[in-house]
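Laboratory data are not the source of any read-out in this text; all were calculated from the coordinates shown. Model, not experiment: these values are computed from the prediction. Glycine gets a Cβ as well: all are built from the backbone with ideal geometry, and neighbour counts include every protein chain shown.
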């Protein structure tokens, strides 16, 4: 069993207010010169002290990993015990094409080997086992947790574990199906300096958990909310109800999915037209990821994680959608507007 | 630039510049540091069916023997990842001619864009140009900065003037004094006079060699000039409407006292840059005379300097190079900018941040020849102001040379409203306008409707 190497722990709850610590080494300053000019040495220092956990080594996640490894995070821990499949090869560019190299290794191990070469200054390691069985103290080692292609139950579970910690662990989920994708962000209580013209003002954002967000009644959401939000929730509920693994769905399931959509819309007092059948059909049949969409979603996700670690830039709150059919990237704020007592 | 070939599933990679991530991604495969292009075939390892051909040639009009008709005709689509507009324009023209789709892209800092150019469907890349980047107005940069960008723009401009442009002008004069001076005489304007003054000042005064010289230079920039400004516009000054002159976004400056105790002050003497300067503030006589006469006088003095200088003497113009950490250029610019920021109580920046901002500034201050605006028919001051107002400009200050003709904050200047501009120039500015002269130039400082400073060219006023 591989043990992740000893890592420095963040002792204070909010990384943004934490002193970034030692200076960057000369090597780091030279390698990261171009990006330091964009986000500053201070942000680079924070990145180099950050620890990221990633679960589910599919196409989008590999894009994300490439981005943050090249950006120079402190460490990256990968979890995915599955063996290589044809499907994995179709969207995961970290897989070596030589099958002999692949045999005997898990997806996480193969990705780790490739990512190590991208940037030797980042500690990339593998954690084996079932993520849902790891206790709260395991997540305490990380500043950022990103999970991909998880069931509804897993998303809620991991999110709650992150929230139980005394320090803030930023939590992200990402799912790409057909040629579209969804990112969910939970930064809990997030303070940052918002720049407007020549001034900076301190801002505080309050993020809902995944559970809280999806519990917001659909009829209270604005009319123009992305249809993908609703469609993803229907698929999520269907897979859970049928005891399926994420993505374990096909065209034959479509009638049952449409029936479920009808039920949910009725329960939520939402007009069915908000969730076009054609969209559900796409999500049901296109369970494989589409590489260009992985690049876009993985890019946005990388950017968001870098923002959260560095404390620079306005973070996305709290859902992001991209659909290559119309080329639009949309941010939806799905949170309960009523303040809690 | 990536070009996909038809039918064969192959890709041709051209050009030297790849984006930062790809640079580092592929550099691990590179056998030599400058063969990034050759690393492109390595990416084919991920997809063995993809054939990649890597070429080092630049793509421009000179390489059309390499990138000939057959090359272009065989392409399916062109993807850009270039670092300059000219290469993009050339590529666009080729794609237009050969009717190939072009996927254009670009990044700048944290920003990026992409544009699809599809034959018979969209406009081509060259059909629209970006507007020039908004520069801070001159008077903001020269006298009323309110953020570090203004200070850096000023510093960048001063740097260029001091160590690049002026020495280059001096060399132009020394290399060909007759042609140079004849050209100045022929132009006969305030611009020529200004240039000659700088050239003379450069040649005539001692080099900044001693520590004392450097301190004097420091005091000129950050004490004397500020004192001059706040003498003209004191802290409690108000405009003619009674509003405070120094209201936001203007920031009231304070002169700096040179102190060896302050390490940032000591940076200046340490700078190993050849700076030619004189030891005191430049004060032009307020009694300005005909430019032509002054120009002749300046040329005479220049001749004297030239004969005193050793034969073949030339200066060494230095071009700004921000990425060389050993040349002190960024140190000087950051130092100038931060001291100026200190004058105006603006937050200072570290050298890295200064480097990023300075790298984006294209200095274009007093050295460029502006377009001129022309106003005829011997206008009065009121008519001039109204003419500017019709252009959406609120002129609060009009000057001729270094002489102030009108400023909205002086109530007594209201008496001048119905005076002819030519009379004001003769009486107030004491300008001698010879019989063959039919016009003179004024500089107007203006604001737009929202109170933002707006830069305009000099206005040529024709009075006969």
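When both bridge partners sit in chain A, DSSP labels roughly 60% of those beta bridges antiparallel.
Beta bridges per DSSP, both residues in the stretch A:81-190: antiparallel share near 60 percent. Taken along the Cα-to-beta-carbon direction at a fixed 7 Å, the label points for residue B:231 and residue B:116 span 6.5 nm.
Residues A:166, B:259, ranked from the fewest to the most other C-beta atoms within 10 Å, line up as A:166, B:259.
The residues B:326, B:153, A:29, when put in order of fewest to most other Cβ atoms within 10 Å, stand as B:326, A:29, B:153. Rounded if a/c is under 1.5, else prolate if a/b beats b/c, else oblate: with a ≥ b ≥ c from the C-alpha gyration tensor eigenvalues square-rooted, which is chain A? The shape class here is oblate.
In the elastic network of chain A, a GNM with C-alpha springs shorter than 10 Å, the most mobile of A:247, A:40, A:181 is A:40.
Can you compute the FRET efficiency between residue B:439 and residue B:394 using 1/(1 + (r/R0)^6), with r the Cβ-Cβ distance and R0 = 30 Å? Round to the nearest 0.05.
Numbers: r = 24 Å, r/R0 = 0.80.
The computed FRET efficiency comes out at 0.80.
Annotation for residue B:127 and residue A:268: the two label points, set 7 Å from Cα along the Cα-Cβ direction, are 4.1 nm apart.
Using a simple spin-label model with pseudo-atoms 7 Å out from Cα toward Cβ, residue B:345 and residue B:316 lie 4.3 nm apart. Rounded to the nearest 0.05, what FRET efficiency do residue B:247 and residue B:175 have when you use their Cβ-Cβ distance and R0 = 41 Å? The computed FRET efficiency comes out at 0.25.
Overall form of the stretch B:70-135: prolate. Here a/c, set by the Cα gyration tensor axes a ≥ b ≥ c, is 1.5 or more, and a/b is the larger of a/b and b/c.
Averaging the Cα positions of each part gives two centres, and for the stretch A:153-208 and the stretch B:215-232 these lie 51 Å apart.
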